[in-house]
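Just so you know, all these numbers are worked out from the coordinates, no wet-lab data involved. As the structure is a computational prediction, the values presented were derived from the model and not from experiment. Cβ sites come from the backbone with ideal geometry, for glycine too, and all protein chains shown count toward neighbours.
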Amino acid sequence: VHQYGPELNERVRRHLKPTNDSWRVDETYVRVKGQWMYLYRVVDSEGNTIDFYLSKARNKQAAKRFFKKTLAFSHV
């Protein structure tokens with residue numbers, strides 16, 4: 001994941017659909033491979049997922065990093 005994640009992220013971003021100006025953030029607690037994690041998801045008003053982030057901890061620093069990353073992309 002650490003080796004191929006950034007490369008996959010770069011290749012996939014250019015194929016994402018353009019979104020509208022209305023979007024919201026969704027937070028939930030999910031189980032991934034037997035371990036509980038926080039899933040943050042940004043969804044537009046049509047239900048298209050713009051971005052997501054998995055985190056072991058729920059903290060302010062992780063949320064800020066996720067928002068900055070999401071707002072930096074041109075499709076938002």
Inset, instruction - Can you tell me the dipole magnitude for the chain around its Cα centre, using point charges on the Cβ only (Lys, Arg +1; Asp, Glu -1), in Debye to the nearest 20? - result: 380 debye
Inset, instruction - Among Lys33, Lys69, Lys64, rank each residue by its count of other Cβ atoms within 10 Å, from fewest to most, as a rough exposure measure. - result: Lys33, Lys64, Lys69
Inset, instruction - Give me the Kirkwood hydrodynamic radius of the chain, using the inverse of the mean 1/r over all pairs of distinct Cα atoms, in Å to one decimal. - result: 13.5 Å
Legend entry - Potential extension, Asn48-Leu8 segment - 0.36 nm per residue separation minus Cα distance: 12.5 nm
Inset, instruction - Could you pull out every one of the lysines with an alpha carbon less than 22 Å from that of Lys33, ignoring same-chain neighbours closer than 8 positions? - result: Lys56
